[in-house]
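> One structure, pasted below without further comment.
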Amino acid sequence: MDVTPLVPKGRQLIQGYGDNGFRISGARYEGSVWILPEQTIAWPVNAIAEVSPDSLKELLSLASRHVRILLIGTGKSMLPLPSSWRAMAREADVSIEGMDTGAACRTYNVLLTEERSVAAALIAV
């Protein structure tokens, strides 16, 4: 019995992570990424401390057109998100959740296969 979830054509499914990158829908991405349901974008940060308010606003702008849930993969371990990020997300009508990158990858895939409107910003591990 095949238990592989059905994913609509063109959706960005995370197939693997590690070695400072990701395998998404058959393509290898080096470094951190933003992943939207139909697009993956390189994200030039190596740690959550490098995320600027401007880059977060840019991501929320992209996400608010497509999604209602934004997962932040904070790296090898879960780090709390600043309250200012939550306020920016609320203004964009997006729910934001922080978790370690592995958990964010798994959660993103589950929500994507459930056809939920989800995006993720993932720090490479």
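> When you check Tyr108 against the structure, is it touching a Leu at 6+ places or on another chain (Cβ under 8 Å) and modelled with pLDDT of 95 or more, yes or no? Please lay out each step first, then the result.
Numbers: touching a Leu at 6+ places or on another chain (Cβ under 8 Å): yes; modelled with pLDDT of 95 or more: yes.
Answer is yes for this residue.
> Right, here's the next one. May I ask you to list the residues in segment 37-90 that are over 13 Å from the mean Cα position of the chain (by Cα), at pLDDT 90 or above and charged (D, E, K, R)?
Across segment 37-90, the qualifying residues are Glu50, Lys76, Arg86, Arg90.
> Here's something else I'd like to know. List the strands (runs of 3 or more DSSP E) that sit entirely inside segment 18-125 and contain at least 1 residues that are surrounded by fewer than 16 Cβ atoms within 10 Å (Cβ to Cβ) and in contact (Cβ under 8 Å) with a residue 40 or more places away in the chain. Reasoning before the result, please.
Numbers: elements: 21-24, 27-30, 33-36, 39-42, 69-73, 95-99, 118-122.
The qualifying strands (runs of 3 or more DSSP E) are 27-30.
> When you check Gly73 against the structure, is it within 18 Å of Arg116 (Cβ to Cβ) and of a type in the set (Gly, Ala, Ser), yes or no? Please lay out each step first, then the result.
Working: within 18 Å of Arg116 (Cβ to Cβ): yes; of a type in the set (Gly, Ala, Ser): yes.
Yes, satisfied.
The values are calculated or read from the model by the stated rules, or taken from the named source; none is laboratory data. All values derive from a computational prediction rather than experimental measurement. All Cβ positions, glycine included, derive from the backbone under ideal geometry; neighbour counts span all protein chains shown.
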